[in-house]
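Each remark here refers to the structure printed beneath this line.
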Amino acid sequence: METKLTVAGLKRKLLEEVNSLVHRNGSVWKEPILDVVHELRQSRVKAVLFGGTLRSLLVSRIFEGRPGRPRDIDVVVSGAPLPWLEKKFADIVTRRTRFGGLQLKHGAWQFDVWPVADTWAFKHGDGSERPSFSALPSTTPFNLEAVAVEAWTRGGRPRAVFSGDDRFFEGILDRTIELNRSDNPFPELTVVRALIMASELQFKIGPRLASYIRNVAASISKEVVERVQTGHYGHVRIDSRTLYEFARLVTRESSFGNGCELPSMGQLNLWPAPVDASSPRGHVRVL
């Protein structure tokens, strides 16, 4: 990792990674992503890449020096309602998600696509937040998802980066996962994802997130631990015993007022690495 990274430098690197991801260069593994983005652009729908997709791209580049390959692609659109999207991508829609969007499957890639106005925090909040791309960073459970980048450039200008108060980039600089928004419909999943992410990235868990984990984890049963992972990841990635041990560690360490770093579970492969000859060499970490 470079020793003098800044928020501005991370933004530039993120734009480079997004540009590379959506640039057609003959790589077979990228074609499904380009197809979906092209369909939206041709329909004059505005769109951004969002959240964990961007974290995976940037973290892999910064900490491992190679291109990232996200577990899935999150796309948020403006100017197209959900029924239009459902009709537009009818051939590749697999289901509606728990958050009210669409899950698409194209090639080896899974996409979550939804209109910005249907974002859970906008629909179920107090009405003070107007749905917009610029407000998206305030809607995520974690700081490491609080970012969006335009899916394509317009008018010859660079892609816009929407990062609010830059919690996303500061979290990467500090190597800390922190709670960004506490109200969400799936607190158990939030705890499971936080522990898995912290262990894999070897990032610290911040004090607000530690308090959240302490309050929620005690009531999570073994069955819930397995069910939320199967629903989100497709399989169980962390067994209940390990999760409870991690939660106890977070609770104990947070009582000292410092961030908590969890033991590593090792690098888990969620998605098959690209196999065509033009895919990135060395393969990549999937987060």
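The values are calculated or read from the model by the stated rules, or taken from the named source; none is laboratory data. Being a predicted model, the structure only gives us computed values, none of them experimental. Reconstructed Cβ throughout: ideal geometry from the backbone, glycine too, with neighbour counts over all protein chains shown.
Restricting attention to the range 100-117, report how many residues are over 18 Å from L136 (Cα atoms) and of a type outside the set (F, W, Y).
Here is the first cut: in the range 100-117, the ones over 18 Å from L136 (Cα atoms) are 103-110.
Checking which are of a type outside the set (F, W, Y) leaves us with 103-108, 110.
Number satisfying all stated conditions: 7.
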Scanning the range 107-157 residue by residue, those among the acidic types (D, E) and either under 22 Å from R71 (Cβ atoms) or in contact with a Phe, Trp or Tyr (Cβ under 9 Å, 6 or more places away or on another chain) (or both) turn out to be D112, D118, E129, E145, E150
So, in the range 117-168, how many residues would count as being of a type in the set (A, V, I, L, M, F, W, C), surrounded by fewer than 21 Cβ atoms within 10 Å (Cβ to Cβ) and in a helix (DSSP H, G or I)? 4
Any residue in the range 231-248 that's closer than 30 Å to R95 by Cα: show its pairings with residues that are of a type in the set (D, E, K, R) at Cβ separation under 8 Å, as long as the two are six or more apart or on different chains. G231/R98; H232/R193; Y233/R71; V236/E226; S240/K222; S240/E226
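Yes or no, residue by residue, for (1) assigned to a helix (DSSP H, G or I); (2) in contact (Cβ under 8 Å) with a residue 24 or more places away in the chain:
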site	(1), (2)
S182	no, yes
P185	no, yes
V191	yes, yes
I196	yes, yes
E200	yes, yes
R208	yes, yes
R214	yes, yes
S219	no, no
R227	yes, no
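Among the residues of the range 37-57, write down those that are in a helix (DSSP H, G or I) and either β-branched (V, I, T) or crowded, with 20+ Cβ neighbours inside 10 Å (or both).
Our first condition is that a residue be in a helix (DSSP H, G or I); within the range 37-57, this holds for 37-42, 52-57.
Matches in the range 37-57: V37, L40, G52, T53, L54, R55, S56, L57.
How many residues does the range 18-36 hold that are among the aliphatic types (A, V, I, L, M) and in a loop (DSSP other than H, G, I, E, B)?
First, pick out the residues of the range 18-36 that are among the aliphatic types (A, V, I, L, M): 18, 21-22, 28, 33-34, 36.
Within this subset, residues satisfying the condition of being in a loop (DSSP other than H, G, I, E, B) are 22.
Residues meeting the conditions: 1.
Taking the options A146, A121, name whichever one is in contact with a Gly (Cβ under 7 Å, 6 or more places away or on another chain) and either modelled with pLDDT under 95 or closer than 19 Å to P187 by Cα (or both).
Values: A121 fails: in contact with a Gly (Cβ under 7 Å, 6 or more places away or on another chain).
Going through A146, A121 in turn, just one is in contact with a Gly (Cβ under 7 Å, 6 or more places away or on another chain) and either modelled with pLDDT under 95 or closer than 19 Å to P187 by Cα (or both): A146.
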Run I172 past the list (1) among the hydrophobic types (A, V, I, L, M, F, W, C); (2) part of a helix (DSSP H, G or I); (3) in contact (Cβ under 8 Å) with a residue 40 or more places away in the chain; (4) closer than 21 Å to R98 by Cβ and report the number of the one that doesn't hold. (4)
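Among T53, T97, which is among the hydroxyl-bearing types (S, T, Y) and in contact with a Phe, Trp or Tyr (Cβ under 8 Å, 6 or more places away or on another chain)? Explain how you work it out, then say what you get.
Working: T53 fails: in contact with a Phe, Trp or Tyr (Cβ under 8 Å, 6 or more places away or on another chain).
Going through T53, T97 in turn, the sole match is T97.
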Could you please tell me which pairs satisfy a Cβ distance under 7 Å, a separation of 6+ or placement on different chains, a first residue in the range 70-99 that is assigned by TED's automatic domain parsing to the domain that holds T53, and a second residue that is basic (K, R) and surrounded by fewer than 18 Cβ atoms within 10 Å (Cβ to Cβ)? V77/K46; S78/K46; G79/K46; I92/K105; T94/K105
Keeping to the range 193-217, report how many residues are among the β-branched types (V, I, T) and within 15 Å of G52 (Cα to Cα). 1
Kindly list, by first and then second residue, each pair from a residue in the range 16-28 that is closer than 18 Å to D74 by Cα and free of Cβ contacts under 8 Å to residues at least 60 places away in the same chain to a residue that is in a helix (DSSP H, G or I) and among the basic types (K, R), limited to pairs with Cβ atoms under 6 Å and residues at least 6 apart or on different chains. E17/R61
